[in-house]
1. Compute the long axis of helix 91-106 from its Cα atoms, compare it with the longest principal axis of the Cα atoms of the chain, and write down the angle in degrees, 0 to 90, nearest 10.
2. If all Cα-Cα distances of the range 45-152 are sorted into 10 Å bins from 0 onward, what percent lands in each bin, rounded to whole numbers?
3. When all alpha-carbon pairs of the range 1-51 are counted, what percent fall beyond 16 Å?
4. Stokes-Einstein D for the range 110-152 at 25 °C, 0.890 mPa s, Kirkwood Rh over Cα pairs, in µm²/s?
5. Which percent, nearest 5, of DSSP beta bridges in the range 1-105 are antiparallel?
6. Only Cα pairs within less than 10 Å get springs; with that Gaussian network setup on the chain, which residue of THR53, THR133, THR95 has the largest fluctuation?
7. Counting other C-beta atoms within 10 Å, which of MET123, MET140 has the fewest, and how do the rest follow?
8. Let me check I've understood the local charge: for CYS50, count other residues with C-beta under 12 angstrom from its C-beta, Lys and Arg +1, Asp and Glu -1. What total comes out?
Amino acid sequence: MAGKGKLTVLGREAKVPVSPAKARLDAVANPHPDTDYVIRFVQPEFTSLCPVTGQPDFAHFVIDYVPRALIVESKSLKLYFQSFRNHAAFHEACTVEIGKKLAALLSPKFLRIGGYWYPRGGMPIDVFWQTGTAPRGLFMPEQNVPPYRGRG
């Protein structure tokens, strides 16, 4: 469930939710609703579980969005990411679920998520999802996550 306006974790002791479905994302008022700007979150140590083998999967996420009236509260986002640690889902499911949940909560002008997953079965899988196109003329930095090269 998402919280718009009422903070559920900021300034409080909060436990990691048992699953993404139980996690609560909080949103607060955008301090500059009259200005187009990009907010970027990077989660370099994301983990979930393979739904087939139960083995851990690791990813590096980059999320960029252009807010309207709301922005996501970062502590709730961190706890949401952590709720995936014991969640079994394919890379594609995790990446798109995160993007859609943020888009539903925030109704941003634009949102994109890049999920850069480490190899499973010897092959890295990168997953990308976005809403529409970025506002015209907005500085939108590249995600600049290099492709996986292994040890070589």
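Read the figures in this text as sums done on the coordinates, not as results from a lab. Quantities reported herein were computed from a predicted structural model and do not represent experimental measurements. Virtual Cβ from ideal backbone geometry, glycine too; neighbours counted across all protein chains shown.
1. 10 degrees
2. It works out to 13, 44, 32, 11, 1, in whole percents.
3. Tail of P(r) above 16 Å: 62 percent of Cα pairs.
4. Answer from the Stokes-Einstein relation: 197 µm²/s.
5. On the way: 12 of 16 bridges.
Here the antiparallel bridges make up roughly 75 percent for the range 1-105.
6. THR53
7. MET123, MET140
8. Values: positive: ARG120; negative: ASP57.
Computed value for this residue: 0.
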